[in-house]
Every structure is written in C-alpha cells, then in structure tokens.
Amino acid sequence: MSGSQDELRQRWKAACKAMRKGVRVDLAEFAELRCGAKTRAGTPCKRRDLFASGRCRMHGGMSTGPKSGPRAKIVQPAPPEEPYNPADNPELMRLINAQLEHCTL
C-alpha cells in the first residue's frame, strides 16, 4: 500500500472524529481514499465506501457478534401463531349477522 493512502487514512480517521463532535469537514480531499485491505486474491481492496475505521464494510465494518462460545446468543424459534378465527371477533360477527338478516333464501 502506498504511503499516501496510509496518511490519507489517518486524516480520514481524524476527520471522522471531528465530524462526530460537530465540526464541518471538507470531504473532497478523501475522494481517492480506498479501503486497501488485503483481499483473498492478495490484491488491495478498491472499495471507496468507508467506515470511520478507514475500511469498507467487508474489511472492518461493525461486528455481528460472537458466533460461538458462552456469549453467543442462541436463537429461539418464534412461538407459533394461533390461526385466525372470525368467531373470536364480535364486531365481525355482528356485521355478518346483520347481513344475513337481510338475505332471503
């Protein structure tokens, strides 16, 4: 990775900290900043959508949490919903009965 990208990334991190404090920052100087992380192919990542860390979402975004171990959350299945029964809805039953009174067989 070139030295200029490293320097630019350091300035990017400082600018992100400043923006969190409400300071206005000119982002035009960061137009050439790339992620630069090493990909599986061994080449530098070329993505431009960066987090405050200076890396893209694939190489340093937010953690999704532990996948295993004592802190891993075990996903519980949602409780099954009871099927809808129109007879449990008194408003609907009143409307149906009112319509049936007007019907002639």
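Please treat every number below as a calculation from the coordinates, not as lab data. The structure displayed is predicted, hence computed values, not measured ones. When we count neighbours, we look across all protein chains shown, and the Cβ atoms used for this are built from the backbone with ideal geometry, even at glycine.
Laid out as a table, the results:
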quantity	calculated
GluC sites (Glu not before Pro) lying in DSSP loop within the range 11-89, provided at most 16 other Cβ fall within 10 Å	E32, E81
Calculated [θ] (222 nm, deg cm²/dmol) that DSSP helices of n ≥ 4 give over the chain, each run adding -39,500 (n - 2.57)	-9500 deg cm²/dmol
Cα→Cβ-extended label distance, 7 Å offset, between V23 and E82, nm	6.0 nm
Order by protection proxy (mean Cβ within 10 Å, highest first), peptides 71-79, 34-42, 85-93	34-42, 85-93, 71-79
Cα gyration tensor, the chain - rounded (a/c under 1.5), prolate or oblate	prolate
Chymotrypsin sites (Phe, Trp or Tyr not before Pro) within the range 11-105, DSSP loop, no more than 11 other Cβ atoms inside 10 Å	Y84
Distance between the range 14-33 and the range 71-86 - C-alpha centres, whole angstrom	44 Å
The chain, relative contact order in percent, only Cα pairs under 8 angstrom and at least six apart counted	15 percent
Across the chain: Cys residues that no other cysteine approaches within a C-beta distance under 4.7 Å	C16, C103
Sorted largest first, extent of the range 1-61 alpha carbons per principal axis (Å)	39, 22, 14
Neighbourhood charge, 13 Å Cβ-Cβ cut-off, centred on R11 and excluding it, Lys, Arg +1 and Asp, Glu -1	-2
Relative contact order for the range 1-61, counting Cα pairs under 8 Å that sit 6 or more residues apart, in percent	28 percent
